[in-house]
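The values are calculated or read from the model by the stated rules, or taken from the named source; none is laboratory data. Predicted, not measured: the structure shown is a model, and the values here were computed from it. So basically every Cβ, Gly included, is an ideal-geometry build from the backbone, and we count neighbours across all protein chains shown.
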């Protein structure tokens, strides 16, 4: 608590202080100087988001297990409410790509990262189903995704950190929702 009250506030005329941006400065410079590389990484990230969505929908439609889908619905509802409540400016140096999800350089909510939260929801379900190798792959891809999102200035560090927490939170809430439905019958 002592640290919080001793730090100087960032003036409103200054850009935000983001340690993730500082740590990825050289990668940001590389992506800024190579739009083709930026787009290639964005395309790979979009494939990963598609993998998350496919897994979550698969668990519902093929396996008949709604928990990941419920968690994703809770997560995107909350993200939409928060995104409409506080609309943040794009970070300085944002490197968009027409192949990034959402595809086409459309507007999106910064807080919190749905990319990260969706991956956490899928990974937690994989662990529940003892699909440990898949979960580790998703976790590794999520880490790489986070680095890319910071380097492209697509999200602030806090968006990613809260995305991790949101994934856990909404998975837990979806589990509680399922339990409440079982006890109601």
Per-region count, the stretch 106-116, residues part of a loop (DSSP other than H, G, I, E, B) and either modelled with pLDDT of 85 or more or exposed (fewer than 12 other Cβ atoms within 10 Å of the Cβ) (or both): 3
Residue in the stretch 170-185 that is surrounded by the most Cβ atoms within 10 Å (Cβ to Cβ), counting only those that are in a helix (DSSP H, G or I) and without any contact (Cβ under 8 Å) to a residue 60 or more places away in the chain: 172
Selected residue [farther than 21 Å from residue 24 by Cα and part of a loop (DSSP other than H, G, I, E, B)] from 98, 165: 98
Which numbered condition residue 141 misses (of (1) closer than 30 Å to residue 12 by Cβ; (2) touching a helix residue (DSSP H, G or I) at 6+ places or on another chain (Cβ under 7 Å); (3) in contact (Cβ under 8 Å) with a residue 40 or more places away in the chain): (1)
Single residue of the stretch 123-169 satisfying the filter (crowded, with 22+ Cβ neighbours inside 10 Å and within 14 Å of residue 51 (Cβ to Cβ)) that is modelled with the lowest pLDDT: 145
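Tell me, which helices (runs of 4 or more DSSP H) lie completely within the stretch 1-74 with 1 or more residues that are touching a helix residue (DSSP H, G or I) at 6+ places or on another chain (Cβ under 7 Å), without any contact (Cβ under 8 Å) to a residue 40 or more places away in the chain and surrounded by 14 or more Cβ atoms within 10 Å (Cβ to Cβ)? Can you show your working first?
Numbers: elements: 19-23, 25-33, 35-61.
Filter on the stretch 1-74 gives 35-61.
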